[in-house]
Amino acid sequence: MQRSPVEDASCLSKYFFWWTNPVMSKGFKEKLRPSDVYQAQDAADILAERLEKEWDREVASGKKKPSLLRALARCFIRPFLLFGFLLGEATKTVQPQLLGRIIASFDPVHEPERVNGYFLAFGLGLLFTARFLLLQPAMFGLHRLGMQIRIALFSIIYKKTLKLSSRVLDKISTGQLVSLMSANLGKFDQSLGMAHFVWISPLHCILCTGLSWELIDVNSFGALAAISLLGVFQAFLSHKMGPYKAQKVLLTNKRLALTSEIMENLHSVKAYGWEEIMETLIKNIRQSVSRQ
């Protein structure tokens, strides 16, 4: 495979993905071949080596209970905070204020201020551009960071299973490993993209309350109270949905474990002609799961 041009690309080329122009133009003119594919930048062995180094450091620190979360934080906390800073920009809160002032400038009462409307419109366009330039790379970076964490954990789990003895492996089904690596670790790609909104949302609420204070004074706290009650209500619903989500995870793990065991023993089923028996077993399992 060819070496990825992103390694030698400039900051602007990486930011606007200009380094993909050669392969894009070639793919537009002709069919791409396997030799045109670049080497993977986020190699599993490199990411796993970084995480293993931090995990060994965590174990060697002498703490009673080593934490995988602390090891992950030391590996990926810097880009996570950087993308969170880009994602948490306050232009989203300022844009409605500028738009309201632009609309108000067309009122005959505010005709002397109409000249300022052009400058406000220009500023609004700059804010839209700034949001576009900051938000999209931040979301892309967070999703890529989640992918890197998932790849590192995949590699750690795989290496750990190779070191386990046969006695320990007999107690762990292949379906559990498949469920862990496919269903559970895949949540990193989705969760990291939304993790920063835990602190961004309260910050935006405070900014909106401060901006509304100029218009409606004390009444702005009524809007803040309504938003706070809505957040409490959503937290209550999430708490009530927790047991159902846990039950869903258990059923998903059980389904993947059964599917994996069936696929492993499919050769024996075909060899001994147990198709009808296996069909009956699968039908009974489906009925028992549907009743749950």
**Item:** Phe106 paired with Ser238, simple spin-label distance in nm, labels 7 Å along Cα-to-beta-carbon
**Value:** 4.0 nm
**Kyte-Doolittle mean at least 1.6, axial Cα span of 15 Å or more - DSSP H helices of the chain** = 68-87
**Message:** Keeping every protein chain present and rolling a 1.4 Å probe, give me the accessible area per residue for the chain in Å².
**Reply:** 73 Å²
**Complete:** Among trypsin sites (Lys or Arg not before Pro) in region 13-53, those in a DSSP loop whose Cβ has at most 13 other Cβ atoms within 10 Å are Lys31
**Request:** Of the listed pairs Lys254/Lys283; Lys187/Lys245; Lys63/Lys163; Lys53/Lys159, which have alpha-carbon separations greater than 18 Å here?
**Result:** Lys63/Lys163
**Prompt:** Just from its helices, what would the mean residue ellipticity at 222 nm be for the chain, if runs of 4 or more DSSP H residues each count -39500 (n - 2.57) and the sum is divided by every residue, rounded to the nearest 500 deg cm²/dmol?
**Reply:** -26000 deg cm²/dmol
**Request:** Express the relative contact order of the chain as a whole percentage, based on alpha carbon pairs under 8 Å and six or more residues apart in sequence.
**Result:** 17 percent
**Request:** Describe numerically, in nm with one decimal, the distance between label points set 7 Å from Cα along Cα→Cβ at Leu258 and at Phe122.
**Result:** 6.8 nm
**Request:** Compare Asp42, Asp8 by solvent-accessible area with a 1.4 Å probe and give them largest first, with all protein chains kept in place.
**Result:** Asp8, Asp42
**Prompt:** Using a Gaussian network model of the chain with C-alpha springs under 10 Å, which one of Phe233, Phe76, Phe154 is most mobile by mean-square fluctuation?
**Reply:** Phe233
**Message:** Multiplying the sequence separation of Ala246 and Val269 by 0.36 nm and subtracting their Cα-Cα distance, what value in nm do you get?
**Reply:** 5.0 nm
**Asked** If you find the alpha carbon centre of region 34-63 and of region 1-24, how far apart are they in angstrom?
**Response** 23 Å
**Accessible surface of the chain [probe 1.4 Å, protein heavy atoms]: carbon and sulfur percent** = 66 percent
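The values are calculated or read from the model by the stated rules, or taken from the named source; none is laboratory data. Remember, predicted model here, so these are calculated numbers, not experimental data. Cβ atoms come from the backbone with ideal geometry, glycine included; neighbour counts cover every protein chain shown. Side chains are part of the model used for accessible areas, which takes the heavy atoms of the whole protein and leaves out ligands, DNA and RNA. Shrake-Rupley method; radii C 1.70, N 1.55, O 1.52, S 1.80 Å.
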